[in-house]
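Q: If you scroll down you'll find the structure; I have some questions about it.
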């Protein structure tokens, strides 16, 4: 049984379609790994919500990929990453500190109940 092909595996009638924005090469030299891990950590902390602080980290990651020719240059508007609130001032350490404070508030709320 073939997997991945619609129509029960009939490969002759199935034509794959390329991604909309072209290829997205792997970062074999790990040039943008730190930005990627910061973004993924943020997504984990926010339970995969599209939080503004994570969007800032996503923008940093994509900028790194563009700077290292790992993806084509795109304007931020087309990527949906324009005028993010607090964009200039947030750091990864601030993000972690805000998560720690959020967890502390949750535990305090549980104690009060």
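The values are calculated or read from the model by the stated rules, or taken from the named source; none is laboratory data. Keep in mind that what you see is a predicted model, and the values were worked out from it rather than measured. Note that we place each Cβ from the backbone using ideal geometry, even for glycine, and neighbour counts take in every protein chain shown.
Q: Hey, can you tell me all the residues within region 40-63 that are under 21 Å from residue 20 (Cβ atoms) and in a helix (DSSP H, G or I)?
A: 55, 58, 59, 61, 62, 63
Q: Look at region 35-64 and say how many of its residues are more than 11 Å from the chain's Cα centre (by Cα), surrounded by fewer than 19 Cβ atoms within 10 Å (Cβ to Cβ) and modelled with pLDDT of 90 or more.
A: Final tally of qualifying residues: 4.
Q: Then there's this: Sort out which residues of region 65-75 are under 17 Å from residue 35 (Cα atoms) and surrounded by 12 or more Cβ atoms within 10 Å (Cβ to Cβ), and write them in order of number.
A: 65, 66, 67, 68, 70, 71
Q: Here is a further query. Would you please list the contacts, defined by Cβ atoms under 8 Å and residues six or more apart or on different chains, that run from a residue in region 3-20 that is on the phi > 0 side of the Ramachandran plot to a residue that is modelled with pLDDT of 60 or more?
A: Listed by first residue and then by second, the contacts come to 7/13; 7/14.
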